[in-house]
Structures are given as C-alpha cells and as structure tokens.
Amino acid sequence: MHDTTHSQAIKKPNQRRQKIRRSASEWRSIISDYKSSGLTQHTFCQQHGIAYSSFTTWLTKLNISKPALPAENTAPLFVEVTADKPLLNSSVSEWDVELAFANGTVLRLKQR
C-alpha cells in the first residue's frame, strides 16, 4: 500500500470527521490501494476513514469504476424485424406495426 494521508481521518466515537481535501493524484493512489486491497468499497472506505460518497464520485470522475467493454461485445443499436407471414387481409388493422409494452404504452406505426 502507498503511504498516503487517506488513513489520517479515522473517526472516533462522538467526534465529527474532519473534511480532507485531496488532489486527483491522491485519489488515484487511494483507488489503486483499494484495488489491491481485496476489500469491498464500503469496507475499504470505513477502514481508511474515507466518505463512501466521495470515493464513488472519484471512481466515476477518474473513469476507473468499470472497465470498458470491448467493441466486439457490443450489441447493435438496431436490428431488422420481419414478419413470418404477410397479412392476408389488410383491413384487419389500420396499423402496419403495433407494439404493446408491459407498462401499458402502445407504439403504433403506419406506412404511407
């Protein structure tokens, strides 16, 4: 572990935690220590006297919270949908496509 100031703010009973301002490089060091600790985020923060909300904010700011997905694993944004059988009687519905969602929303599309 790095010898940094993140362990200086250990909270004692009935005592308010003093706010400590840290630079981005200090947060990088803290996050590096967390990653090598094998602890959960909550446990690491408790043991080092770090506010969990600040810790997660800096994880997000430094884009370290989640590894980026490789491009080959991304799903397409749009997929083609085709009908198995064409409608025999076009007067069955005035809509060409109707999607009914579980929340009650209905999307209707008509071709001109």
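The values are calculated or read from the model by the stated rules, or taken from the named source; none is laboratory data. What you see is a predicted model; the values in this text were computed from it and never measured. Every residue, glycine among them, receives a Cβ derived from its backbone with ideal geometry; neighbour counts consider all protein chains shown.
Read through the list (1) at pLDDT 75 or above; (2) more than 30 Å from R108 (Cα to Cα), then give the number of the only condition that L69 fails.
(1)
Among the residues of segment 30-45, write down those that are out of contact with any helix residue (DSSP H, G or I) (no Cβ under 8 Å at 6 or more places or on another chain) and assigned to a helix (DSSP H, G or I).
S32, K35, S36, T43
With the structure loaded, tell me whether T5 is surrounded by 11 or more Cβ atoms within 10 Å (Cβ to Cβ) and at pLDDT below 90 or whether it fails that test.
So T5 passes the test.
Applying the selection to segment 32-60, what residues are among the hydrophobic types (A, V, I, L, M, F, W, C) and closer than 21 Å to Q18 by Cβ?
Filtering segment 32-60 for residues among the hydrophobic types (A, V, I, L, M, F, W, C) gives 39, 44-45, 50-51, 55, 58-59.
If the condition is that a residue be among the hydrophobic types (A, V, I, L, M, F, W, C) and closer than 21 Å to Q18 by Cβ, then F44, C45, I50, A51, F55, W58 are the ones that fit.
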